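Inspection log for the structure reproduced underneath, given as structure tokens.
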């Protein structure tokens, strides 16, 4: 009896716990839609479109899919901009190339940082707001977004000053 192999639960014998797309490891124990949406640059809508294009049930466990289906999903993620209309991508009319791409993973963060640095260098209005650490997209700043100081009257500080003056 000790020579028998431990019994695995039914349906989990071929489960991949990690699925690698680009430089990102996705959780294979979650559904296809949820696992894809955890990747930077892919939201719920994009994940649903990719699963539909690949012919995969979006509620299926990602790591339990066949290797061909996983490869199809990976291929669609990497070539997403070619498969969908331009308005569904996250990088339309790139400043340097003029092309349309869909950035995912670390590439999205790097591209965003390059854009912010370019705005700062040319002293664009948004770049100046980024430099100062202020709101960039037109939000109100009178009462929110304060990074330093106290909002309103600091009663404790006033009491401490009065005690210091009265004690002398």
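General remarks:
- Helix 67-78 vs. the chain, principal-axis angle (Cα, 0 to 90°, nearest 10): 40
- GNM result for the chain, Cα springs below 10 Å: residue of 55, 63, 41 fluctuating most strongly: 55
- Relative contact order [Cα under 8 Å, 6+ residues apart], the chain, whole percent: 14
- Pairwise label distance in nanometres, residue 18 with residue 161, each label 7 Å out on the Cα-Cβ vector: 5.7
- Between 0 and 90°, nearest 10: helix 44-54 axis offset from the chain longest Cα axis: 20
- Two-site FRET efficiency, residue 140 against residue 38, from Cβ-Cβ distance with R₀ of 41 Å, rounded to 0.05: 0.80
- Anisotropy class of the chain from Cα gyration tensor, a/c 1.5 cut: oblate
- Full extension of the chain segment joining residue 83 with residue 109 gains 7.1 nm, where the gain is 0.36 nm per residue of separation less the Cα-Cα distance.
- For the chain, the longest principal axis of the C-alpha atoms and the axis of helix 155-166 are separated by about 30°.
- Note on residue 101 and residue 121: their simple-model spin labels are 1.7 nm apart, each label 7 Å out from Cα toward Cβ.
- Residue-averaged 222 nm ellipticity for the chain, from DSSP H runs of 4+ at -39500 (n - 2.57), nearest 500: -12000 deg cm²/dmol
- Shape of the range 72-168, Cα gyration tensor, a/c cut at 1.5: prolate
- Extension reserve of the residue 67-residue 45 stretch, reckoned as 0.36 nm per residue once the Cα distance is removed: 5.6 nm
Every number in this text was worked out from the coordinates using simple rules, so none of it is lab data. Model, not experiment: these values are computed from the prediction. Note: ideal-geometry Cβ built from the backbone for every residue, glycine included; neighbour counts use all protein chains shown.
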